[in-house]
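One structure below.
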Amino acid sequence: MPSKSRTHKDECCRYMYFKEGTLFTKLDEYVKSAVNNPINQRHLPIHRMHSFKNILYLIRQLGIKRSACYFLSLPVRFLFRFNRTIFDFKTEIRSHYKIRELISNANIRRLPALSDNLKTEIDQLFNRYNLPDNTIWHQFFISINDIEKPGYLSEYIYYSFIEPRLNVSSMAGAYSDKNIYQKIFPSLHHPRTVLRYINGRYYDADYTHLSKTEARHRLLEYKDMMIIKPSINSGRGRNIYKVTAENSMINLNESTKEFDDLAQICPEGFIVQEMLEQHPDLSKFHPESLNTIRITTFRFQQDITVLSAILKMGNHGHYLDKMAFNGLSCGIDSSGTLFSNALDNHFKKQTQHPESGVFFQGFHIPGFQNVCDIVTNTHKQLPYFDIISWDVAISPESKPVLIEINLRSQGIIYQQAIFGPLFGDYSKELLENLFNT
């Protein structure tokens, strides 16, 4: 009797998978339950063998090699499941401590009580998918913005269940490398690049390879102020320095370094760019820092929409606009006009910048509609990512200049503190699409 073809074997396997009473029927039940229970969706539970007859049937249909691989994989699945459980537990604990830290940082002595109707809406929105309780996050955000709506996301829910389903994390590392922005976004404006360090090699702005001597000379001959930052993993302003070259030495902020030290500070790669000149209207708030727009775009049913836009401003003379360095965040409405209040890093509302005294109310962002058009159109070219946070500066000519894109571990705190639930009116339909398909 001729042997069955690979295609026929695959058809037999598919039939057996759904065939009632066989070994794979139990697996099918677990898969279906995992779809409805996001906590179990990332691993396939080990199940009990029903009968010796089913095992023989499996071996006969798959063959000895495939069957052996399947049975040998069972303990590996257990280890992956155990590791996933430990990781989720640690993430949930970190989220618990994070909300307590936020409450303490905002000096909130008593969280507001939620109405019975709002509690019911929250339960209906989250409990049906067995998502962890995040009532305290609703209370925290409502205490800041007085927007009483269901749909606020804790960091645990967002980072563990939402973002991994919206964005392909395995692709994020390459797309987030600042050294290839000009390759994948050639039509966008970028700060002028002085030097690149990629995979242990030096390149100029046009990706021409340089020897270490040539790279050092290129950096030392540049006399204007520069910025050096890791090309990968530079979140929260880590290892971002102002750079000047003087007397054959390199100054990072106020410390003097040798050229070889740069690769040790940013071993995964770095980019050196000239200090970007920003629009004079934005400079009025805090001229010592580059004040950028954080705009979050979202793909839903193939349409790209802007979820939120925030103007980030530096403070206390610091050259970065990060909240970690006492910065401020002010919401921007759809017309490009700032909200009347900004939030500082203690979630206190400020009507004007505490140093410059410039008021926020009525201020219009130069070229804001152009920023929205560019980031939404560019998002269409990135099919692996359904939610992206863009950091964009505005040049003196009102042109958007791309500073950074954030594809994973995107901040969600100040977006919700200013605008309400992260996904707004999309919240209910989004959760249904993510966990019911």
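Footprinting exposure proxy ranking of L166, L290, fewest other C-beta atoms within 10 angstrom first, gives L166, L290. Fully extending the segment from E277 to K428, taken as 0.36 nm per residue of separation minus the present Cα-Cα distance, adds 50.2 nm.
Given the pairs K98/K242; K183/K399; K322/K399; K183/K257; K229/K257; K178/K322, which span a C-alpha to C-alpha distance of over 24 angstrom in this model? Among K98/K242; K183/K399; K322/K399; K183/K257; K229/K257; K178/K322, the Cα-Cα distance tops 24 Å for K98/K242; K183/K257. Among Y414, Y129, a tally of other beta-carbon atoms within 10 Å of each Cβ gives an order, fewest to most, of Y129, Y414.
Each residue, V358 and I108, gets one label point 7 Å from its Cα in the Cβ direction; the gap between the two is 3.0 nm. With viscosity 0.692 mPa s and temperature 37 °C, the Kirkwood radius over alpha carbon pairs of segment 278-435 converts through Stokes-Einstein to a diffusion coefficient of 206 µm²/s. Once each part is reduced to its C-alpha centroid, what is the distance from segment 379-417 to segment 350-370 in angstrom? So the separation of the two Cα centres works out to 20 Å. When the label point is put 7 Å from the Cα of T337 along its Cα-to-beta-carbon vector, which residues of segment 355-390 have a backbone N closer than 15 Å? So the set is 360-366, 368-369. Could you work out how far apart the two model spin labels at K212 and L118 are, taking each label as a point 7 Å from the Cα in the direction of the beta carbon, and quote it in nm? Result: 6.0 nm between the two label points. With the cut-off at 1.5 for a/c, could you classify segment 85-166 from its C-alpha gyration tensor as rounded, prolate or oblate? Since a/c reaches 1.5 but b/c is at least a/b, the shape of segment 85-166 is classed as oblate. For segment 139-217, chymotrypsin sites (Phe, Trp or Tyr not before Pro) are listed when DSSP marks them as loop and at most 15 other Cβ atoms sit within 10 Å of their Cβ; the list is Y207. Taking GluC sites (Glu not before Pro) across segment 345-414, the ones in a DSSP loop with at most 14 further Cβ atoms lying within 10 angstrom of their Cβ are E397. Each part reduced to its alpha carbon centroid, segment 422-437 and segment 206-259 end up 44 Å apart.
Panel order for M226, M275, M249, M313, by other beta carbons found within 10 Å of each beta carbon, from fewest to most: M249, M275, M226, M313.
Laboratory data are not the source of any read-out in this text; all were calculated from the coordinates shown. If you're wondering where the values come from, they're calculated on a predicted model, not measured in any experiment. Here the Cβ is made from the backbone with ideal geometry for all residues, glycine too, and neighbour counts use every protein chain on show.
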